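Colleague: Can you read through this structure? Questions will come right after.
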Amino acid sequence: MDERATWATRIGFILAAAGSAVGLGNIWRFPFLTGESGGAAFLVVYLLLVVGVGVPVLLVEFVIGRRSNRNPIGAFERLGHPGWKAAGAVGAIAAFIIFSYYSVVGGWVIQYVVASFTGGYGADAEAFFLSTASGTNAIAYHGLFMTTVAGIVALGIRNGLEKAATVMVPTVVVLLVGLAGYGATLDGAGAAYSYYLAPDLSTIVGDAVSILPAAAGQAFYTLSLGMGIMITYASYIGEDRNLLQDAGVIVVLDTAIALLAGLVVFPFLFTQGIEPGEGGAGSIFISLAGAFQQLPGGEILGGVFFLMLLVAALTSAFSIFEVVVSYVTDTFDVDRVPTAIGMAAVLFVVGIPTAIDLSYLDAYDLFANNILLILSGLLLSIFIGWVYAGEAIEELGKGRTSDGRIEAVWLTTLRYVVPVVLAITLALSVRDYIGFLQESFL
Ligand code: PHE
């Protein structure tokens, strides 16, 4: 895409941004974190953070992108504040780490597509997941996912995939609604809903400190925030666009798909007698493989489901890979295709430990999401709230009629709410992370 270009259609931008947002984060990561962090209490904190932190920061990225017409590295220079490039660099490092293991999980999805169509989940869904997740197969399919992403970027056939994304979002929604409807008829549904949807105020308050890092990390991850992806996408939109409306569509869609995924996973887990926290990173895979095995036509249904999940994962993977590649090409003045191939090779190697041992996957995932993305969000909110407020307000007002009230709320949130919440989160995340490393690796 040429730097000066703008999206041909309104829907083009929304689809690309939604394609980035909707991915493994919604369907794989959200239900498993909810299960590990206590169900409904986590859900409430997560939703509060999406609205109170996610939306304002998404608008920050949109404003920076459209105002500067640049990618995240060039943007701060263009806006006259080159020192803040550091925020872009933190995001690029996060993107690098996230992509290395996103590809591993993408490889699991490919394995499940194959197993669905060949009826190969085996008798024990948990055992099958473990054999998929780590080891030689996991490494090989990680390589396949990585090659696919790099190949598509290098060959420039992204357009085809973006068309597939148009089909992906509605198909994912229909499949999830259907599966959630089926889940509602299962024995474990009642217990699952009360676990997932009935928050208990005392638990929320009591566990807030442990929930906050995971919920905030997930809010950033699922909306593809903190990596400059939305800055890059918004650098191609015209001034006639209403940023607020576009942000609303993306957040509602992304959140709805995550909520639906929870409505699918928990009834299936409870019915199979698996504790919600026990499935861990395997929750979605274990619960669905178990279910597809019993359903009439489950092989086809499973195949279609995992295929759609793969498309969702690919459209998100592009957006991350793009940031990594453009960071390298812009910084070192090298060509795109060799960079894409070289980066894919490096990322493949960096991701290998996470395909050997799930503790490494956690180690990468927690560091990138709960620490780096939060740090990047903190810097972005301070930049707009305290350094670049006037221009940012003006930018947000473009493309809509405004009496300035929403801008005022946005600015107040960015000045006083977001930095405080994220600074507390960051401190907790660092503390938790040290504890996690000691427990898992020492
Ligand atoms: N938001 C994507 C998802 O939910 C994941 C993603 C993370 C995409 C980071 C880009 C960057 O799967």
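Colleague: Hey, can you tell me all the residues within region 221-239 that are near the ligand (Cβ under 9 Å from one of its atoms) and within 10 Å of ALA16 (Cβ to Cβ)?
Modeller: Result: ILE229, single match.
Colleague: Collect the residues in region 236-256 that are out of contact with any Lys or Arg (no Cβ under 6 Å at 6 or more places or on another chain), crowded, with 18+ Cβ neighbours inside 10 Å and either of a type in the set (Lys, Arg) or more than 21 Å from ALA313 (Cβ to Cβ) (or both), keeping them in residue-number order.
Modeller: Selection gives TYR236, ARG241, LEU243, LEU244, ASP246, ALA247.
Colleague: If we only count helices (runs of 4 or more DSSP H) wholly inside region 335-396, which ones have 1 or more residues that are touching a helix residue (DSSP H, G or I) at 6+ places or on another chain (Cβ under 8 Å) and buried (at least 24 other Cβ atoms within 10 Å of the Cβ)? Spell out how you get there, then give the answer.
Modeller: Numbers: elements: 336-356, 358-366, 374-382.
Counting at least 1 such residues, we get 336-356, 374-382.
Colleague: Would you mention how many residues in region 114-134 are surrounded by 19 or more Cβ atoms within 10 Å (Cβ to Cβ) and within 17 Å of PHE306 (Cα to Cα)?
Modeller: We begin by selecting, within region 114-134, every residue surrounded by 19 or more Cβ atoms within 10 Å (Cβ to Cβ); these are 115-116, 121, 125, 128-129, 132-134.
Among the residues that remain, those that are also within 17 Å of PHE306 (Cα to Cα) are: 115-116, 121, 125, 128-129, 132-133.
Number of matching residues: 8.
Colleague: Is it the case, given these coordinates, that GLU275 is part of a loop (DSSP other than H, G, I, E, B) and more than 16 Å from the ligand (Cβ to nearest atom)? Break it down into steps so the answer makes sense when it comes.
Modeller: Values: part of a loop (DSSP other than H, G, I, E, B): yes; more than 16 Å from the ligand (Cβ to nearest atom): yes.
Yes, satisfied.
Colleague: Restricted to region 397-442, and to residues that are of a type in the set (Gly, Ala, Ser) and touching a residue at least 40 places away in the same chain (Cβ under 8 Å), which residue is surrounded by the most Cβ atoms within 10 Å (Cβ to Cβ)?
Modeller: Filtering region 397-442 for residues of a type in the set (Gly, Ala, Ser) gives 397, 399, 402, 404, 408, 423, 427, 429, 435, 440.
Now restrict to residues that are touching a residue at least 40 places away in the same chain (Cβ under 8 Å): 399, 423, 429, 440.
Details: GLY399: 18, ALA423: 14, SER429: 26, SER440: 13.
Out of the qualifying residues, it is SER429.
Colleague: Only one residue in GLU77, GLU36 is away from the ligand (no atom under 16 Å from the Cβ), under 30 Å from LEU197 (Cα atoms) and out of contact with any Lys or Arg (no Cβ under 6 Å at 6 or more places or on another chain). Which one?
Modeller: Details: GLU77 fails: under 30 Å from LEU197 (Cα atoms).
Step by step, each of GLU77, GLU36 is checked, and only GLU36 is away from the ligand (no atom under 16 Å from the Cβ), under 30 Å from LEU197 (Cα atoms) and out of contact with any Lys or Arg (no Cβ under 6 Å at 6 or more places or on another chain).
Colleague: State all residues of region 180-210 that are within 30 Å of ASP432 (Cβ to Cβ), in a helix (DSSP H, G or I) and of a type outside the set (Gly, Ala, Ser); if no residue qualifies, say none. Give the derivation first.
Modeller: Taking region 180-210 first, the residues within 30 Å of ASP432 (Cβ to Cβ) are 191-210.
Now drop any that are not in a helix (DSSP H, G or I), which leaves 191-197, 201-210.
Once the filter is applied, which keeps residues that are within 30 Å of ASP432 (Cβ to Cβ), in a helix (DSSP H, G or I) and of a type outside the set (Gly, Ala, Ser), region 180-210 yields TYR193, TYR195, TYR196, LEU197, LEU201, THR203, ILE204, VAL205, ASP207, VAL209.
Colleague: Let me ask something else. Consider only pairs whose beta carbons are under 7 Å apart and that are at least six residues apart or on different chains; among these, list those whose first residue lies in region 263-286 and is surrounded by 20 or more Cβ atoms within 10 Å (Cβ to Cβ) and whose second residue is modelled with pLDDT under 90 and not in a helix (DSSP H, G or I).
Modeller: Pairs that qualify, where the first residue is surrounded by 20 or more Cβ atoms within 10 Å (Cβ to Cβ) and the partner is modelled with pLDDT under 90 and not in a helix (DSSP H, G or I), are PHE266/PRO276; LEU269/PRO276; LEU269/GLY279; ILE286/ILE274; ILE286/GLY279.
Colleague: Then there's this: Taking region 207-261, which residues are acidic (Asp, Glu), within 16 Å of LEU48 (Cβ to Cβ) and over 14 Å from the mean Cα position of the chain (by Cα)?
Modeller: ASP207
Yes/no per residue for (1) hydrophobic (A, V, I, L, M, F, W, C); (2) in contact with a helix residue (DSSP H, G or I) (Cβ under 7 Å, 6 or more places away or on another chain):
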{"site": "GLY88", "(1), (2)": "no, yes"}
{"site": "GLY91", "(1), (2)": "no, yes"}
{"site": "ILE110", "(1), (2)": "yes, yes"}
{"site": "VAL114", "(1), (2)": "yes, no"}
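Colleague: So VAL334 fits all but one of (1) away from the ligand (no atom under 14 Å from the Cβ); (2) within 30 Å of GLY135 (Cβ to Cβ); what number is the exception?
Modeller: Evaluating VAL334 over (1) away from the ligand (no atom under 14 Å from the Cβ); (2) within 30 Å of GLY135 (Cβ to Cβ) leaves (2) as the failure.
Colleague: Return the residues of region 19-32 that are part of a helix (DSSP H, G or I) and either within 6 Å of the ligand (Cβ to nearest atom) or touching a Ser or Thr at 6+ places or on another chain (Cβ under 9 Å) (or both); say none if nothing qualifies. Before the answer, list the steps.
Modeller: Going through region 19-32, the residues part of a helix (DSSP H, G or I) turn out to be 19-21, 24-32.
Residues satisfying the conditions are GLY19, SER20, ALA21, LEU24, GLY25, ASN26, TRP28, ARG29, PHE30, PRO31, PHE32.
Colleague: If I ask for residues that are closer than 14 Å to ALA234 by Cβ and surrounded by fewer than 24 Cβ atoms within 10 Å (Cβ to Cβ), which ones from region 72-107 would you list?
Modeller: Correct list: GLY74, ARG78, LEU79.
Colleague: Search region 295-331 for residues being away from the ligand (no atom under 13 Å from the Cβ) and of a type in the set (Asp, Glu), and hand back the single one that is surrounded by the fewest Cβ atoms within 10 Å (Cβ to Cβ).
Modeller: Once the filter is applied, the top-ranked residue is ASP330.
Colleague: Between residues in region 108-120 that are at negative phi and residues that are part of a helix (DSSP H, G or I) and charged (D, E, K, R), which pairs lie under 8 Å by C-beta distance while being six or more apart or on different chains?
Modeller: Close Cβ pairs satisfying both conditions: SER116/GLU299; PHE117/GLU299.
The values are calculated or read from the model by the stated rules, or taken from the named source; none is laboratory data. Note that the structure is a prediction, hence the values are computed from the model and not measured. Using ideal geometry, Cβ is built from the backbone for each residue, glycine included, and neighbour counts are taken over all protein chains shown.
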